[in-house]
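Asker: Below are the structure tokens for one structure; questions will follow.
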Amino acid sequence: MRAVLLSLLSFALAAQDRPELFAPGVVSTGLYERDLALSPDGREAFFSIMGGFSVIAFTRFEQGRWTAPRVAPFSGGPVFNAAISPDERMLVFCAARRPGSLGPSDHWISFRTPDGAWSEPRNLGAPFNGPGQQALAPSFSADGRTFFFATTRRTLAQPGPRTYADIQRERGLPGNGNGDVWRVDAKVLEAFAPQR
């Protein structure tokens, strides 16, 4: 079934010769929407609505159309960049200035409960987040085994005072604090699941 849906989606996208708005009036409105994350079956969409107070909203494709969007229950504080796992059990997102944050924005996780709701979100903590680090762009591999995330974590050693030439040289190196993509076995996220 999943392979059929993906084939149909690929065919439909290949048939388009120019970009079209996605879900006009639902996802694509006059607001600032971004960071779309689709469930693997393409029937549930999470997206960010940015502005004075950023939220993650979601909509479902039912009876041939997208439902009216609703604000996700874990959307307290400025939140953005949702990523849903292929098995649709985990949703990782970024949040700024939320109580319990370690940096300016952190990665948080929520688990789908047996009744379809989302659990109370938990901060992923170190090493995913840290003081002075920006959390960005969580995602999962197609098979769900690998979790990817971006952060402004600095891993380059800073021995003693640096010259301007040192700073310029570091600009092209990974771990310089400008942002890198990291990966980890997605099994580590299970430690954050609510206890039953």
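What follows is calculated from the coordinates using simple rules that are stated; it is not laboratory data. Owing to the predicted nature of the structure, the values given are computational and were not obtained by experimental measurement.
Asker: Given the rule -39500 (n - 2.57) for each run of at least 4 DSSP H residues, summed and divided by the residues of the chain, what is its mean residue ellipticity at 222 nm, to the nearest 500 deg cm²/dmol?
Answerer: On the way: 2 runs with 21 residues, N = 196.
Using -39500 (n - 2.57) per qualifying helix, the result is -3000 deg cm²/dmol.
Asker: Working from Cα positions, state the angle (0 to 90°, nearest 10) between the long axis of helix 2-15 and the longest principal axis of the chain.
Answerer: That works out to roughly 90 degrees.
Asker: Between Asp41 and Ala142, what is 0.36 nm times their sequence separation minus the Cα-Cα distance? Round to one decimal in nm. Don't jump to the answer; show the numbers that get you there.
Answerer: Details: separation 101, 0.36 × 101 = 36.36 nm, distance 1.21 nm.
Once the chain is fully extended between Asp41 and Ala142, it gains 35.2 nm.
Asker: Something else now. Average the reciprocal distances over every distinct pair of alpha-carbons in the stretch 21-93, invert the result, and give the Kirkwood radius in Å. Present the calculation step by step, with values, prior to reporting the outcome.
Answerer: Working: mean 1/r = 0.0812 Å⁻¹.
This gives a value of 12.3 Å.
Asker: Next question. When only alpha-carbon atoms count, how far does the chain stretch along each of its three principal axes, as whole angstroms with the largest first?
Answerer: 63, 48, 36
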